[in-house]
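Working notes, beginning with the structure itself.
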Amino acid sequence: MSERTALVLGGTGMLKGCADELVAQGWRVVLPCRRPEGVLGSAATAALRGRGHVPRQRVAVAADWTRPDELADRVRAVVDGPADLLVAWVHASYREPVLRAVAPLLAPGAPVVEVHDSGAIQPVRGVSDPVLEGHPTQQVVLGFTRHGGGTRWLSHEEASVGVLEAVRRALDGRPPSVHQVGEVDTWVMRH
Ligand SMILES: NC(=O)c1ccc[n+]([C@@H]2O[C@H](COP(=O)([O-])OP(=O)(O)OC[C@H]3O[C@@H](n4cnc5c(N)ncnc54)[C@H](OP(=O)(O)O)[C@@H]3O)[C@@H](O)[C@H]2O)c1
């Protein structure tokens with residue numbers, strides 16, 4: 001089977017484990033971010049690629065959500081064909097322009113996983129509709145967890161596992177859905 005390409009936006013922070021797992025599963029993972037130099041596989045892999053020693057499995061691309069068209073151009077420059085999966089952990093204020101900019105880089109009908117911070121969920125409306133029509137979208141809301149009598153953010157592993165479960169649903173062709181990982185404000189989620 002030819003190598004599949006996943007575009008993962010925001011995949012070098014707490015979702016790094018998610019990107020790593022996709023690489024382990026054989027995906028070529030493209031990671032636009034502002035600081036690609038720290039991502040294993042960017043410069044090092046590019047250098048080795050020229051000698052044909054290492055498959056180009058993880059490609060970090062310098063790009064910023066504040067310049068969506070430039071971000072898309074930079075991704076376009078490193079991919080050989082359309083992406084088969086989009087995972088988007090993008091701040092709510094940039095989400096729509098960034099997703100619309102990269103949409104032409106996706107294969108027709110390629111699944112999307114949108115990851116939301118529970119703080120970005122709007123009271124009354126709840127989770128916003130998926131940004132991209134024509135791309136079945138699994139949405140994930142990252143909440144908090146109770147710990148030692150208080151609350152804490154999800155660990156990076158907990159967040160990555162939750163997003164990977166959404167990726168699995170997406171690749172299995174499950175109907176679009178919204179899942180929460182951890183706890184969120186249930187009043188907000190009901191609406
Ligand atoms: N519900 C939850 O569990 C939850 C929710 C939010 C935050 N947190 C906690 O808070 C910590 C910090 O969260 P965070 O929001 O900074 O997320 P993060 O996942 O740690 O990092 C954000 C990701 O987005 C990229 N990014 C950020 N701004 C960008 C921009 N303008 N253009 C392109 N890429 C950009 C970052 O790479 P570059 O920096 O290289 O651009 C990185 O890949 C997390 O580590 C987590 O522990 C938890």
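Can you confirm whether the range 69-82 contains a residue that is touching a residue at least 60 places away in the same chain (Cβ under 8 Å), crowded, with 17+ Cβ neighbours inside 10 Å and out of contact with any Cys (no Cβ under 8 Å at 6 or more places or on another chain)? Among the residues of the range 69-82, at least one is touching a residue at least 60 places away in the same chain (Cβ under 8 Å), crowded, with 17+ Cβ neighbours inside 10 Å and out of contact with any Cys (no Cβ under 8 Å at 6 or more places or on another chain), which makes the answer yes. The residues in the range 1-20 that are away from the ligand (no atom under 14 Å from the Cβ) and either of a type in the set (D, E, K, R) or closer than 9 Å to Pro32 by Cα (or both) can be counted, and the count is 2. Of the residues His135, His156, the single one that is within 20 Å of Tyr94 (Cα to Cα) and touching a helix residue (DSSP H, G or I) at 6+ places or on another chain (Cβ under 8 Å) is His135. Keeping to the range 117-153, report how many residues are exposed (fewer than 14 other Cβ atoms within 10 Å of the Cβ), within 16 Å of the ligand (Cβ to nearest atom) and outside any strand (DSSP E or B). The number of residues fulfilling the criteria is 1. Of all residues in the range 43-64, none are closer than 24 Å to Val178 by Cβ, at pLDDT 95 or above and within 13 Å of the ligand (Cβ to nearest atom). If I filter the range 95-115 for residues that are β-branched (Val, Ile, Thr), in a loop (DSSP other than H, G, I, E, B) and touching a residue at least 60 places away in the same chain (Cβ under 8 Å), do I get at least one hit? No: zero hits. Residues of the range 161-180 that are modelled with pLDDT of 95 or more and near the ligand (Cβ under 10 Å from one of its atoms): Gly162 alone. Within the range 86-116, the residues that satisfy the criterion of being more than 13 Å from the ligand (Cβ to nearest atom), surrounded by fewer than 22 Cβ atoms within 10 Å (Cβ to Cβ) and not acidic (Asp, Glu) are Arg100, Ala103, Pro104, Leu105, Leu106, Ala107, Pro108, Gly109.
The values are calculated or read from the model by the stated rules, or taken from the named source; none is laboratory data. Please read these numbers as outputs of a predicted model, since none were measured by experiment. When we count neighbours, we look across all protein chains shown, and the Cβ atoms used for this are built from the backbone with ideal geometry, even at glycine.
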